[in-house]
Amino acid sequence: MKRAAFSCPWALGCLLLWAAAQPFGNNRPLQRPRSFKCGGTLTAASGFIGSEGFPGVYPPNSKCTWKITVPEGKVVVLSFRFLDLENDNLCRYDFVDVYSGHANGQRLGRFCGTLRPGALVANSNKMLVQMISDANTAGNGFVAKFSAAEPHERGDQYCGGRLDKSSGSFKTPNWPDRDYPAGVTCVWHIVAPKNQLIELKFEKFDVERDNYCRYDYVAVFNGGEINDARRIGKYCGDSPPVPIVSEKNELLVQFLSDLSLTADGFIGHYKFRPKKLPRAPSSTTTILPATTTLKPTVALCQQKCRRSGTLESNYCSSNFVLTGSVITTNTRGGSLHATISIINVYKEGNLAIQQAGKNMSAKIIVVCKQCPLIRRGLNYVIMGQVEEDGRGKILPTSFTMSFKTKNQKILNALKNKQC
């Protein structure tokens, strides 16, 4: 049975729960500070960091940064002992970011809610942790232990790293001798040359099964950081994911196990490949350049405007899927140019998403301004294709519908679907 994630409505309870989780044995445990400050610079082989005021509620509108340095030749390992921040599926409001290095480093993850990640491992002796809170809902914060470890150590706790050779493999700790351990996070950052893509496939796969992959899972992201808006898929169970091809030259593979049941694990393989060149046009076919926006024509825009199919049947054939509110509209040459304030992103593709504070938005072009008809101020589910400049393209055959709260359950299920 799963160990339930918990939150602490009263400070003493949090402190007792935190203390109960501390290690005991022949080695003297690290001493937790009597109180935590908002950020700081820590240089030591091990220690603790925590949210300001823990175990009380952390303050609103705060930004705290911790710079951690362990001895030269080692790498930093961070393990969360307690986590209770405002929950949001994209961690947009209150969150903890963890980076490898002190400046311009790879983000190892963004965390909120109460489900603790496994051990996070930097690729050097430096790590940066940042906690941000907004003006509203709060929790009891977090406590994490940092320690120094040998680089590239393989065993029950450490895994992951940068993979930049033309082909290679990666696997769960202990593979294939025994089950992967509980409470780990592995992050493999695969980087190909700029003009190449990455093909990824899993040879063997056995990760604790759950309908929504909430406990143990593998997540694959386009780009070099953990970002739900760029997630290709989230996988668990004993059926290998379908082969994956990156959009550009970077992929991030994250494996997470919680603190209870485990399974055999997996081994995956990757290889680099050149981007496919466009076919040469034949004498009877005209191919528009990739940067040309499809223009409205009489034949295209006089089609009967009627939505076909369902959310489920249109999901996989769409480059992007989102829910949002139309905040600006502008008619140009028979097309409608609109800005969408995003509620949730379920499939991003190459869609360009702008973020200002907590607000995310995207630009779309409805090629035929009356089909599908969208109005400013209303909320929609929007599925479509993506222009090379990153704008969404909505054709009369694209799927849009008014967004209602009940649609979220279906969309969340489709987000984990293998297309």
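The values are calculated or read from the model by the stated rules, or taken from the named source; none is laboratory data. These numbers were taken from a predicted model, which means no experiment stands behind them. Quick reminder, even Gly has a Cβ in these numbers, built from the backbone with ideal geometry, and neighbours come from all protein chains shown.
Tabulated values for the structure
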quantity	calculated
Region 378-407, subset hydroxyl-bearing (S, T, Y) and part of a loop (DSSP other than H, G, I, E, B), residue farthest from A352 (Cα to Cα)	T405
The listed residue being outside the structural domain of M127 (by TED's automatic domain parsing) and either within 30 Å of Y215 (Cα to Cα) or at pLDDT below 95 (or both), out of F80, F48, F6	F6
Qualifying residue in region 244-253 (condition: in a loop (DSSP other than H, G, I, E, B), farther than 20 Å from N350 by Cβ, modelled with pLDDT of 90 or more and not aliphatic (A, V, I, L, M))	no
Hits in region 401-414 (condition: out of contact with any Cys (no Cβ under 9 Å at 6 or more places or on another chain) and either buried (at least 19 other Cβ atoms within 10 Å of the Cβ) or aliphatic (A, V, I, L, M) (or both))	M401, F403, I410, L411, A413
Strands (runs of 3 or more DSSP E) contained entirely in region 316-377, each with at least 3 residues that are among the aliphatic types (A, V, I, L, M)	320-332, 335-347, 359-366
First in region 116-132 and more than 21 Å from P71 (Cα to Cα), second anywhere and surrounded by 24 or more Cβ atoms within 10 Å (Cβ to Cβ) and among the polar types (S, T, N, Q), Cβ under 7 Å, 6 or more apart	P117/T185; G118/T185; G118/S257; M131/S51
Some residue of region 32-40 being surrounded by fewer than 17 Cβ atoms within 10 Å (Cβ to Cβ) and either among the charged types (D, E, K, R) or in the same structural domain as T185 (by TED's automatic domain parsing) (or both)	yes
Cross-chain or 6+ apart pairs with Cβ under 7 Å, region 184-212 first and within 20 Å of R162 (Cβ to Cβ), then basic (K, R) and at pLDDT 85 or above	Q196/R273; L197/R273; E199/K271; E199/R273
Among the candidates M131, M127, residue that is of a type in the set (A, V, I, L, M, F, W, C), surrounded by 19 or more Cβ atoms within 10 Å (Cβ to Cβ) and out of contact with any Cys (no Cβ under 9 Å at 6 or more places or on another chain)	M127
Counted residues, region 370-385 - those being over 19 Å from I343 (Cβ atoms) and surrounded by fewer than 21 Cβ atoms within 10 Å (Cβ to Cβ)	3
Given (1) out of contact with any strand residue (DSSP E or B) (no Cβ under 6 Å at 6 or more places or on another chain); (2) free of Cβ contacts under 8 Å to residues at least 60 places away in the same chain; (3) among the aromatic types (F, W, Y), index of the condition Y217 fails	(1)
Any hit, region 335-348, residues being surrounded by 12 or more Cβ atoms within 10 Å (Cβ to Cβ), more than 26 Å from the chain's Cα centre (by Cα) and under 18 Å from Q302 (Cα atoms)	yes
Whichever residue in region 198-216 is touching an Asp or Glu at 6+ places or on another chain (Cβ under 8 Å) and part of a strand (DSSP E or B) and, among such residues, is nearest to T114 (Cα to Cα)	V207
